[in-house]
1. What single numbered condition from (1) of a type in the set (Asp, Glu); (2) at pLDDT below 90; (3) not in a strand (DSSP E or B) fails to hold for Asp50?
2. Do you know which of the residues in the range 56-94 that are among the hydroxyl-bearing types (Ser, Thr, Tyr) and under 23 Å from Asp7 (Cβ atoms) is farthest from the chain's Cα centre (by Cα)?
3. Does any residue of the range 152-164 turn out to be within 30 Å of Leu110 (Cβ to Cβ), open to solvent by 100 Å² or more (accessible area, probe 1.4 Å) and at pLDDT below 85?
4. Sort through Arg80, Arg64, Arg55, Arg71 and tell me the only one that's among the basic types (Lys, Arg), modelled with pLDDT under 90 and under 23 Å from Gly128 (Cα atoms).
5. Listed residues Ala149, Ala125; which is touching a strand residue (DSSP E or B) at 6+ places or on another chain (Cβ under 8 Å) and in a helix (DSSP H, G or I)?
6. Examine the range 1-18 for a residue that is open to solvent by 60 Å² or more (accessible area, probe 1.4 Å), modelled with pLDDT of 90 or more and farther than 18 Å from Gln82 by Cβ, and state whether such a residue exists.
7. Would you mention how many residues in the range 176-223 are at pLDDT below 80 and loosely packed, with under 13 Cβ neighbours inside 10 Å?
Amino acid sequence: MSEEMKDEAAVAARFDGRPTVEIVFTGFGAMRADQFTWIGAELGYALSADEPYGRGQRRLLFTRDDSPAARQRVQAALERVQAAGSWSAVAQPWPGAVPHGPSAATDSPLIPPERAARAQRQVKAYEGWHPAQLISVCCVFAAGFFALAWAVRETVPATVGSCLVGLLCLAAAALGPRYTRRWHQENLRLLERYRRQQATQFPVPPPSPPPPPAGPHNDQMGS
């Protein structure tokens, strides 16, 4: 087994059926957050939080989805991985999925699973903050740079530079919420495209019908 396959197996082993899973990254380890989010989703875990955790750390929290549809998707994912031999092989384009023909230049490119996982993390992060937080931070920094400009007012270059940075902070306070909302909408559209892509690639059968209600015949059979 290659090192990559061992690493993927170690990630999958973290999602071992427990109700919640907590993953804490330190330093450059956070670069693997997309991989954990993707494999966790394939194994039936929904991302419930993506948040800072201590100094230089980041924490992902996952909650197990016990719905019948989610359980079916897990089984289908495991069958695909077993057939392909690794998680990375499952992430590759499937036969016939690559756009071709006259419309190939205009078709939307395929979305890698880890790119969709990153969009999911960004959506979750957006849901956890309020635009007022960005405005407040930018205004505090702007006030600090304007105070610095006043303190060094006898030095023209430093004064001008501090004022320019302060103005940039005010511009960020004014435009930042609009930009983050647009960024959030783009992530939602990307996730919707990814869901349609996955439905085309890996159709999952609908949940089984509920059992018939208990009747006289069933009662007799059970007695």
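The values are calculated or read from the model by the stated rules, or taken from the named source; none is laboratory data. Computed from a prediction, not measured in an experiment: that's the story for all the values here. Neighbour counts run over all protein chains shown; Cβ positions are idealised from the backbone, glycine included. The protein model used for the area step is the full one, side chains on, heavy atoms only, and it has no ligands, DNA or RNA in it. Shrake-Rupley method; radii C 1.70, N 1.55, O 1.52, S 1.80 Å.
1. Status for Asp50: all satisfied but (3).
2. Step by step, filter the range 56-94, then rank; the result is Ser86.
3. Here is the first cut: in the range 152-164, the residues within 30 Å of Leu110 (Cβ to Cβ) are none.
Scanning the range 152-164, I find no residue that is within 30 Å of Leu110 (Cβ to Cβ), open to solvent by 100 Å² or more (accessible area, probe 1.4 Å) and at pLDDT below 85, so the answer is no.
4. Details: Arg80 fails: under 23 Å from Gly128 (Cα atoms); Arg64 fails: modelled with pLDDT under 90; Arg71 fails: under 23 Å from Gly128 (Cα atoms).
Unique residue meeting the criteria: Arg55.
5. Within the list Ala149, Ala125, the selection yields Ala125.
6. So far as the range 1-18 goes, yes, one or more of its residues are open to solvent by 60 Å² or more (accessible area, probe 1.4 Å), modelled with pLDDT of 90 or more and farther than 18 Å from Gln82 by Cβ.
7. First pass over the range 176-223, keeping only residues at pLDDT below 80: 176-177, 198-223.
Subset that is loosely packed, with under 13 Cβ neighbours inside 10 Å: 199-200, 203, 205-223.
The total comes to 22.
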